[in-house]
Amino acid sequence: MQLGMMGLGRMGANMVRRLMKDGHECVVFDINAGAVADLAKEGGIGASSLEDFVGKLAKPRAVWLMLPAAITGKVVHQVAALLESGDTIIDGGNSNYRDAVDLGAELAKVGISFVDVGTSGGVWGLDRGYCLMIGGPDEAVKRLDPIFASLAPGADKGTEPAAAAGTAPYGYLHCGPSGAGHFVKMVHNGIEYGLMAAYAEGFNILQAADSGKKARTADAETTPLDQPQYYQFDIDLPAVAEVWRHGSVVGSWLLDLTAGALAADPQLKNFGGRVSDSGEGRWTLKAAIDTGVPAPVLSTALFDRFSSRGESEFADKLLSAMRFAFGGHLEKK
C-alpha cells in the first residue's frame with residue numbers, strides 16, 4: 001500500500017523504514033531536505049515541496065503527519081487544501097484530542113477523512129513496533145488496516161489470537177470516531193507520567209538508604225535523623241533495577257529502560273533533572289476534572305515536572321520569607 005509521510009523526525013523516519021521493510025511504498029516530505037534525501041536513498045520517494053508531495057500520491061491519497069502539536073492544525077489545513085473527497089489525513093503526533101474532534105467534523109464536510117493515531121513506541125519502534133490507538137471513520141480506518149498492521153508489534157510470539165479478539169492483540173485498536181485515538185493516547189501518557197514518577201521516587205529513597213552514615217548538622221533548622229542505625233545501607237541501584245526486571249511485579253519495559261540508564265550512568269551525571277511535559281498530562285487532568293474523576297497520582301506527577309523546571313522557585317522563596325518573618329529563621333546555605 002502507498003502512504004505519504006510528512007515529518008521525518010525520530011519517529012516518522014523509523015515508521016517509514018518499518019513500512020518499507022514490509023513492502024509498502026512511502027512518499028516522504030520534511031522541511032529538512034537532508035532527512036528526505038536519507039530516506040530516498042533507502043527506497044522512499046522523496047518530495048521537494050508540499051505540492052510535489054501530494055502530487056506523487058495515488059488516489060485515494062493517505063497522508064500521515066508526524067509533527068509537533070503546535071503546528072499540526074495549520075499543516076492539516078494546508079494539506080487538506082491540496083486533497084479532494086475520498087482522501088485521508090492521519091495525525092500520528094501527540095495532538096489534543098479536541099483538535100481531532102473538530103478537524104474530523106470540519107474535513108468530513110468536504111469528504112476528507114481525518115484519522116487520529118496515538119502512537120507509542122518512541123525510538124525503539126523500528127524494531128519493536130508501535131502501539132497504535134486509532135480514531136476515525138470506519139471506512140477510512142479499515143482501508144488503512146495494512147499500514148497499521150505493519151507498524152504494530154504483532155501478536156505475542158507463539159500465539160494466534162482468536163478473530164473475535166480483534167486487532168488489539170496485534171498492537172493496534174480502532175478506539176472510536178475522530179478524537180478517540182488521541183483521547184486514549186492522552187490518558188496513556190498521563191499514566192506514563194505517574195509510572196515514571198513512582199520509579200523515580202522509589203529509587204530516590206533507595207539512594208538515600210545510607211543517610212545514617214552521613215554527618216548531620218545539629219541545629220534548629222535541621223530535622224534530626226531518628227535512629228540512624230536503620231539507614232546504614234549502601235544500595236547498588238543499577239543492581240536493584242536489574243533484579244527487579246526478573247520476575248518482579250513492578251517489572252516493565254519502562255523498568256528495562258531505567259535499568260539500562262542506571263547501568264550506563266549510575267550517578268546520572270549526564271542529566272540535569274529538568275523534566276519537560278508536552279501537553280498530554282495537562283489534558284488528561286482537564287478531562288479528569290471535567291468528568292469528575294479523581295486522579296491524584298497523575299496530577300502530582302505533572303506538578304512535580306513543573307517543579308523540576310524551577311516553576312516552584314518563587315513559592316519556595318515565599319515559604320522561606322514567611323519562616324523568617326514569624327520565627328527569624330535564616331536560610332541554610
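The values are calculated or read from the model by the stated rules, or taken from the named source; none is laboratory data. This is a predicted model, so every value here is computed, not measured. Here the Cβ positions follow ideal geometry from the backbone for every residue, glycine too, while neighbour counts run over all protein chains shown. Protein only, heavy atoms only, side chains kept; ligands, DNA and RNA dropped before computing areas. Shrake-Rupley method; radii C 1.70, N 1.55, O 1.52, S 1.80 Å.
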remark   = Flagged pairs (Cβ under 9 angstrom, 6 or more apart or on separate chains; first in segment 1-21, under 16 Å from residue 68 (Cβ atoms) and without any contact (Cβ under 8 Å) to a residue 40 or more places away in the chain; second part of a strand (DSSP E or B) and not β-branched (Val, Ile, Thr)) are 13/5
request  = Find the residue count for segment 143-179, including only residues that are of a type in the set (Val, Ile, Thr) and open to solvent by 60 Å² or more (accessible area, probe 1.4 Å).
outcome  = 1
remark   = By residue number, the members of segment 42-67 that are part of a helix (DSSP H, G or I) and either closer than 18 Å to residue 23 by Cα or open to solvent by 20 Å² or more (accessible area, probe 1.4 Å) (or both) are 50, 51, 52, 55
request  = Counting only residues that are open to solvent by 40 Å² or more (accessible area, probe 1.4 Å) and over 22 Å from residue 191 (Cα atoms), give me the helices (runs of 4 or more DSSP H) lying completely in segment 247-333 with at least 1 of them.
outcome  = 253-264, 313-327
remark   = Screening 105, 100, 70, 140 for residues that are surrounded by fewer than 18 Cβ atoms within 10 Å (Cβ to Cβ), in contact (Cβ under 8 Å) with a residue 40 or more places away in the chain and part of a helix (DSSP H, G or I) leaves only 105
query = Can you find a residue in segment 96-105 that is among the polar types (S, T, N, Q) and within 25 Å of residue 18 (Cβ to Cβ)?
reply = no
inquiry  = Regarding segment 73-90, can at least one residue be identified that is without any contact (Cβ under 8 Å) to a residue 60 or more places away in the chain, in contact with a His (Cβ under 9 Å, 6 or more places away or on another chain) and over 17 Å from residue 6 (Cα atoms)?
reply    = no
